[in-house]
Amino acid sequence: MTAISPAARELPDVNEMYVVHRVFRREFTALPALIRAVSDGDTARAAVVAEHLTLVLDGLHMHHTGEDEVLWPLLQVRAAPSTALVETMQHQHGVVDSRTEAIREHEAAWTQDPTPAGGERLAQLVEDLASALFEHLELEEREILPLVTCHIAVDEWRKLFEHGKDTMTPRQLPLMFGAVLEDADPDERARMLGQFPIPIALFLRTVGAWQYRRYIRRVRAA
């Protein structure tokens, strides 16, 4: 692998990362309250909240494994002397992964038996994850994205999002993409949808958007 020349070239659209990070900040902030609001023994409601928690955790895992496989190896070679920063990002991924695993283990038991005590423990685990994750996202936006602009080619950057499209299930993809578009402005929406072939983009704008609206109303119901 060779360094990308700083000469004039097409730059990767790093704003996509801010749009994706917005989803994780929004949903991991909202989820503890959704968990705590589940009534004792209400397995039906617990299943709805747990499904959403799983969707967001899976989306985060997809996002981070894409960085692990595509982004960090390139920056380790090209962004010296910033390799210590890349190592910090990798370590933070490890912390997030360990907290995610703790959530998944507790989530399964809580979904089967949603007690207030179990819900409080699960909510605290989500808050612990959010604390580590938000610190990571802030550092990534402040320090890594400028390196991406200097050292990563557009086709390499797009591999991050191809990874995401290839790893989400057919049910998850429109829901996760609906979450990404929820707070996007018109320009962000157009640019995110522009990554897809026209038939898929049309599906996401229409049927996929309807699926997401129906899904998220159920998740956020009082």
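Data for the structure
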| item | result |
| --- | --- |
| Among residues of segment 122-132, those that are of a type in the set (A, V, I, L, M, F, W, C) and within 11 Å of Thr29 (Cα to Cα), counted | 4 |
| Residues of segment 176-200 that turn out to be among the basic types (Lys, Arg) and either under 17 Å from the mean Cα position of the chain (by Cα) or within 22 Å of Phe28 (Cα to Cα) (or both), as a count | 1 |
| Odd one out for Ala108 among (1) small (Gly, Ala, Ser); (2) surrounded by fewer than 16 Cβ atoms within 10 Å (Cβ to Cβ); (3) more than 20 Å from Gln172 (Cα to Cα) | (3) |
| 3 or more residues open to solvent by less than 60 Å² (accessible area, probe 1.4 Å): qualifying helices (runs of 4 or more DSSP H) within segment 128-222 | 145-151, 154-167, 172-182, 186-193, 207-220 |
| Any hit, segment 113-121, residues being open to solvent by 20 Å² or more (accessible area, probe 1.4 Å), not in a helix (DSSP H, G or I) and not basic (Lys, Arg) | yes |
| Residue within segment 4-22 that is of a type in the set (Val, Ile, Thr), open to solvent by 10 Å² or more (accessible area, probe 1.4 Å) and over 20 Å from Val126 (Cβ atoms) present | yes |
| Of residues in segment 50-96 being more than 16 Å from Glu140 (Cβ to Cβ) and among the hydrophobic types (A, V, I, L, M, F, W, C), the one surrounded by the most Cβ atoms within 10 Å (Cβ to Cβ) | Leu53 |
| Positions within segment 38-49 being aliphatic (A, V, I, L, M) and either surrounded by fewer than 21 Cβ atoms within 10 Å (Cβ to Cβ) or touching a strand residue (DSSP E or B) at 6+ places or on another chain (Cβ under 7 Å) (or both), in sequence order | Ala44, Ala47, Val48 |
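The values are calculated or read from the model by the stated rules, or taken from the named source; none is laboratory data. Everything numeric in this text was worked out from a predicted model, so none of it was measured. A quick note on method: Cβ atoms are made from the backbone with ideal geometry, for glycine too, and the neighbour counts reach across all protein chains shown. Each accessible area value is taken on the protein alone, full model and side chains, heavy atoms only, with ligands, DNA and RNA left out. Shrake-Rupley method; radii C 1.70, N 1.55, O 1.52, S 1.80 Å.
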